[in-house]
Amino acid sequence: WWYLIFLSILCNNFTPILAIFTLASDVDPFILERQLLHGIAFSIVLVKAYRILMSYATSQHVNLKFLVEITIIAPLIELIFNAESYDLSINILFAATGITVLLIYLFFYNTFEKINRQYQADHEHEG
């Protein structure tokens, strides 16, 4: 129960909380499931953002691969779970951003890995 409440507060949507406590039969279960999945996906994005922040706080280095991954995931999550909340032009922008960054990520994946390995090797010798 606490997890549903946390996710609802996180997403600024209290419909699942009201549905749990009132046990209303007129609430569409599909909408509740979609809101729950959106909250879980949004939490994953927050965890990735926290990971990036903590990485920077400890080493003053941000792994570019993590930034690119969050740039791919965040707009696609909004498209999948929350598209009706945005105008068509914003949804097109989300899709274009996600696909473009995904293609860049796939094309330069080996470069990202090489940069990360080089950074780790350089800092193993220092520390």
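Just to make sure I understand: if all protein chains stay in place, what is the order of GLU33, GLU69 by accessible area at 1.4 Å, largest first? Before the final figure, lay out the partial values.
Working: GLU33 110, GLU69 35 Å².
Order by accessible area, largest first: GLU33, GLU69.
Given a 1.4 Å probe, how much area per residue of segment 39-127 is accessible, in Å²? Could the numbers behind the result be given before it?
On the way: 6020 Å² over 89 residues.
Accessible area per residue, segment 39-127: 68 Å².
In whole Hz and in residue order, list the ³J(HN,Hα) couplings for segment 94-100 that follow from phi through the Karplus curve 6.51 cos²θ - 1.76 cosθ + 1.60, θ = phi - 60°; x for Gly and Pro.
Working through the residues one at a time gives 4, 5, 5, 5, x, 5, 4 Hz.
Pop out the carbon and sulfur fraction of the accessible area of segment 24-127 as a percent, whole number, probe 1.4 Å. List each step's numbers first, then the result.
Working: 4840 of 7150 Å².
So the carbon and sulfur contribution to the accessible surface is 68 percent.
The values are calculated or read from the model by the stated rules, or taken from the named source; none is laboratory data. Note that the coordinates shown come from a computational prediction; the quantities given were computed from them, not determined experimentally. Quick note on the areas: whole protein, heavy atoms, side chains included, nothing else; ligands and nucleic acids left out. Shrake-Rupley method; radii C 1.70, N 1.55, O 1.52, S 1.80 Å.
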